[in-house]
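**Student:** Below is a structure I'd like to ask you about.
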Amino acid sequence: MDLLTNIWLHIQEKGLVRTLSIIFNRMVDFHFDFKYKTDTRNKISLHDLTVTGENKEHGSFYQPTMALSFNRLLERVPLPPESVLVDFGCGKGRVLLLAVLRGIKKAVGIEFSPELCAIAHNNIKIVEQATGSRLDISVIEGDVTHYEIKDDQNVFFFFNPFDDVVLEAVVKNIKKSLQRKPREIAVIYYNPVHSHILDNAFLPKNGYIIGGEEYMLYANC
Ligand SMILES: C[S@@+](CC[C@H](N)C(=O)[O-])C[C@H]1O[C@@H](n2cnc3c(N)ncnc32)[C@H](O)[C@@H]1O
């Protein structure tokens with residue numbers, strides 16, 4: 001299918017305004033990779049990736065969060081002080097980079113595809129060289145269900161990375177961590193397909209539509 005047919009089908013399905021907004025967002029994404037010489041774009045099916053652990057069939061394919069909408073979100077969302085962000089299913093690390101470049105103190109990504117982890121590590125190195133500063137970003141290879149949440153982590157980001165089974169397990173780990181170390185947190189769920197799980201676990205604070213993209217914000221108090 002050629003590009004124009006694709007755009008025409010998109011307009012019919014989502015409307016003109018949403019389609020134009022997505023095209024503009026894609027241009028900003030292209031600019032991010034062009035500016036830093038990173039590789040954060042393009043969808044990748046999990047069938048084309050190696051995966052560590054037993055949850056491949058519960059996971060979503062790689063697709064990056066749109067840079068413009070994420071940056072706008074960060075301008076609007078009240079985050080706890082000394083924010084340390086965790087991106088569950090961080091892919092090529094775009095959210096980690098955007099967060100730290102926007103002033104978030106520290107970011108940690110967990111990703112079960114070794115290929116995507118390698119690309120994320122490389123992207124971080126490239127942006128560190130381009131900006132001449134060391135970025136406090138770590139990428140941990142593994143399944144999110146095995147990740148033990150640290151006491152300083154207080155902003156939890158999900159871009160619809162997996163189904164309800166895995167989401168339940170991660171939410172349980174966040175709750176366990178809060179019992180061990182009570183603190184203020186924010187949970188951001190982008191494209192909130194399984195929002196009922198977070199609705200039952202946390203306090204829904206706000207919903208945002210930014211550039212046609214839906215985000216839900218939750219807190220624990
Ligand atoms: C929709 S992409 C989001 C990428 C990134 N968070 C972003 O917003 O740019 C979802 C990612 O979650 C990863 N993923 C899915 N299930 C996972 C699991 N159980 N453990 C670790 N990573 C997982 C996929 O490999 C994919 O890279």
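**Student:** Would you confirm whether or not region 157-164 contains a residue that is part of a helix (DSSP H, G or I) and assigned by TED's automatic domain parsing to the domain that holds residue 52?
**Tutor:** yes
**Student:** Can you find a residue that is part of a helix (DSSP H, G or I), of a type outside the set (A, V, I, L, M, F, W, C) and under 28 Å from residue 213 (Cα atoms) anywhere in region 135-147?
**Tutor:** Yes, region 135-147 has at least one match.
**Student:** Could you go through region 107-114 and let me know if any residue there is in a loop (DSSP other than H, G, I, E, B), within 10 Å of the ligand (Cβ to nearest atom) and modelled with pLDDT under 95.
**Tutor:** No; the residues of region 107-114 include none that is in a loop (DSSP other than H, G, I, E, B), within 10 Å of the ligand (Cβ to nearest atom) and modelled with pLDDT under 95.
**Student:** Right, here's the next one. Residues that are free of Cβ contacts under 8 Å to residues at least 24 places away in the same chain and within 10 Å of the ligand (Cβ to nearest atom): list the helices (runs of 4 or more DSSP H) wholly contained in region 1-105 that include at least 1 such residues.
**Tutor:** It comes to none.
**Student:** Tell me, please, whether a residue that is outside any strand (DSSP E or B), in contact (Cβ under 8 Å) with a residue 12 or more places away in the chain and under 22 Å from residue 192 (Cβ atoms) can be found in region 122-130.
**Tutor:** Within region 122-130, not a single residue is outside any strand (DSSP E or B), in contact (Cβ under 8 Å) with a residue 12 or more places away in the chain and under 22 Å from residue 192 (Cβ atoms).
**Student:** Take residue 60 and tell me if it is crowded, with 22+ Cβ neighbours inside 10 Å and among the polar types (S, T, N, Q).
**Tutor:** No; evaluated as a whole, the condition is false for this residue.
**Student:** Please find, within region 187-197, the residue that is farthest from the chain's Cα centre (by Cα) out of those that are within 16 Å of the ligand (Cβ to nearest atom) and not hydroxyl-bearing (Ser, Thr, Tyr).
**Tutor:** Within region 187-197, the match that is farthest from the chain's Cα centre (by Cα) is 197.
**Student:** Here are some residues: 178, 167. Which one is more than 16 Å from the ligand (Cβ to nearest atom), in a helix (DSSP H, G or I) and either in contact (Cβ under 8 Å) with a residue 24 or more places away in the chain or under 19 Å from residue 57 (Cβ atoms) (or both)?
**Tutor:** Result of the check over 178, 167: 178.
**Student:** For the structure I just gave you, tell me whether residue 204 is of a type outside the set (Phe, Trp, Tyr), free of Cβ contacts under 8 Å to residues at least 24 places away in the same chain and either buried (at least 16 other Cβ atoms within 10 Å of the Cβ) or not in a helix (DSSP H, G or I) (or both).
**Tutor:** Against the criterion (of a type outside the set (Phe, Trp, Tyr), free of Cβ contacts under 8 Å to residues at least 24 places away in the same chain and either buried (at least 16 other Cβ atoms within 10 Å of the Cβ) or not in a helix (DSSP H, G or I) (or both)), residue 204 qualifies.
**Student:** A further question follows. Can you find, within region 141-164, the residue that is nearest to the ligand (Cβ to nearest atom) among those that are more than 20 Å from residue 52 (Cα to Cα) and surrounded by 18 or more Cβ atoms within 10 Å (Cβ to Cβ)?
**Tutor:** The selected residue is 157.
The values are calculated or read from the model by the stated rules, or taken from the named source; none is laboratory data. It should be emphasised that the depicted structure is a prediction, and the values quoted were computed from it without experimental measurement. Ideal geometry is used to build each Cβ from the backbone, glycine not excepted, and the neighbour counts take in all protein chains shown.
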